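Following this message is one structure expressed as structure tokens.
The values are calculated or read from the model by the stated rules, or taken from the named source; none is laboratory data. All of these numbers come straight from a predicted model, not from anything done at the bench. Note that we place each Cβ from the backbone using ideal geometry, even for glycine, and neighbour counts take in every protein chain shown. These area figures cover heavy atoms from the full protein model, side chains too; ligands, DNA and RNA do not enter into them. Shrake-Rupley method; radii C 1.70, N 1.55, O 1.52, S 1.80 Å.
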Amino acid sequence: MDTVVGVCYDGGVIIAADQSNGRSILTYQVNLDKIAKLSSHSMMGVSGPNCDLVNFTEYVSKNINLYELSNDGTKLSTKAQANFARGELAAALRKGPFQVNVLLGGYDEKTKGSLYHIDYMGTMQKVKYGAQGYAQYFVSSIFDKDCTEGMSEEEAVKIVEKCIKEIHTRFLMSQPNFIIKKVDKDGVKTLSFGADPADT
């Protein structure tokens, strides 16, 4: 029952995710950070069971860091990182599939902000905005109506906040807290959270 939404704006990407961790009829915590930092200028919002969420995000981020260390500091582009994540999901299908759906966003000097929609079957598409989980049923119309080419960071944040308000209003499940992060030329930064992920 996870929610991840992402929006590209002129100069970066905003990704938001709910902070609830639950299974069956239980909620375990409401301060989980489902947006993993992959590199200095990329991040990945993930929906799925907590075990796969942690395993997959750590596996991808550590391999991206290993590539940089093994290749004299050469950094993978956002597109390359998305293709690597997609390839790992596809390869795992016939071994032990990761039950995760991903929104991967990053910033590159040439392409600026870019966002990739990847599902657990290993299919990938570059998008201007997207959502994973039941959220897509509620927020797709907001994206269609409000997202415009070349919008500012402030406009993108307002759209994401509007999506969160819609989920709080319409969605049957309680998702009280959301974390919002951005990536731009200055790197990955947390904009806000409902509950501090550092609290244990």
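How about the range 1-43: which strands (runs of 3 or more DSSP E) wholly inside it have at least 3 residues that are touching a helix residue (DSSP H, G or I) at 6+ places or on another chain (Cβ under 6 Å)?
Values: elements: 3-9, 12-18, 21-23, 26-29, 35-39.
Because the criterion is at least 3 residues that are touching a helix residue (DSSP H, G or I) at 6+ places or on another chain (Cβ under 6 Å), the strands (runs of 3 or more DSSP E) in the range 1-43 that meet it are 3-9, 35-39.
Same structure, new question: Please go through the range 100-110 and give me each residue that is of a type outside the set (Gly, Ala, Ser) and either assigned to a strand (DSSP E or B) or over 25 Å from Val188 (Cα atoms) (or both), ordered by number.
Start the filter on the range 100-110 by keeping residues that are of a type outside the set (Gly, Ala, Ser), which leaves 100-104, 107-110.
Scanning the range 100-110 gives Asn101, Val102, Leu103, Leu104, Tyr107, Asp108.
Looking at Gly194, Gly105, Gly113, can you tell me which residue is touching a strand residue (DSSP E or B) at 6+ places or on another chain (Cβ under 6 Å), in contact (Cβ under 8 Å) with a residue 24 or more places away in the chain, closer than 18 Å to Phe84 by Cβ and not acidic (Asp, Glu)? Talk me through it step by step, then tell me what you get.
Numbers: Gly194 fails: closer than 18 Å to Phe84 by Cβ; Gly113 fails: closer than 18 Å to Phe84 by Cβ.
Exactly one of Gly194, Gly105, Gly113 is touching a strand residue (DSSP E or B) at 6+ places or on another chain (Cβ under 6 Å), in contact (Cβ under 8 Å) with a residue 24 or more places away in the chain, closer than 18 Å to Phe84 by Cβ and not acidic (Asp, Glu), namely Gly105.
Can you pull out every residue in the range 57-74 that is touching a strand residue (DSSP E or B) at 6+ places or on another chain (Cβ under 9 Å), polar (S, T, N, Q) and open to solvent by 50 Å² or more (accessible area, probe 1.4 Å)? Give the steps one after another, and end with the answer.
Looking only at the range 57-74, we keep the residues that are touching a strand residue (DSSP E or B) at 6+ places or on another chain (Cβ under 9 Å), and these are 57-58, 60-61, 64-65, 68.
Remaining after also requiring polar (S, T, N, Q): 57, 61, 65.
Correct list: Asn65 only.
Of the conditions (1) within 18 Å of Pro197 (Cβ to Cβ); (2) in contact (Cβ under 8 Å) with a residue 24 or more places away in the chain, His41 clears all except one; give me its number.
Unmet for His41, out of (1) within 18 Å of Pro197 (Cβ to Cβ); (2) in contact (Cβ under 8 Å) with a residue 24 or more places away in the chain: (1).
Say we look at the range 44-56 and pick out the residues that are in contact (Cβ under 8 Å) with a residue 24 or more places away in the chain and either touching a helix residue (DSSP H, G or I) at 6+ places or on another chain (Cβ under 7 Å) or assigned to a helix (DSSP H, G or I) (or both); which of these is surrounded by the most Cβ atoms within 10 Å (Cβ to Cβ)?
Looking only at the range 44-56, we keep the residues that are in contact (Cβ under 8 Å) with a residue 24 or more places away in the chain, and these are 44-50, 52-53, 55-56.
Then drop every residue that is not either touching a helix residue (DSSP H, G or I) at 6+ places or on another chain (Cβ under 7 Å) or assigned to a helix (DSSP H, G or I) (or both), which leaves 44, 46, 50, 52-53, 55-56.
Values: Met44: 29, Val46: 26, Asn50: 16, Asp52: 18, Leu53: 22, Asn55: 15, Phe56: 23.
Taking the candidates together, the pick is Met44.
Okay, next question. Being hydrophobic (A, V, I, L, M, F, W, C), open to solvent by 10 Å² or more (accessible area, probe 1.4 Å), over 19 Å from Val183 (Cα atoms) and outside any loop (DSSP other than H, G, I, E, B) is the filter here; which residues of the range 111-154 pass it?
Met124, Phe138, Ile142, listed by residue number.
Also, quick follow-up: Against the condition surrounded by fewer than 20 Cβ atoms within 10 Å (Cβ to Cβ) and in a helix (DSSP H, G or I), how does Glu166 come out, does it pass? If you could, list the steps in order and put the result at the bottom.
Details: surrounded by fewer than 20 Cβ atoms within 10 Å (Cβ to Cβ): yes; in a helix (DSSP H, G or I): yes.
So Glu166 fits the description; yes.
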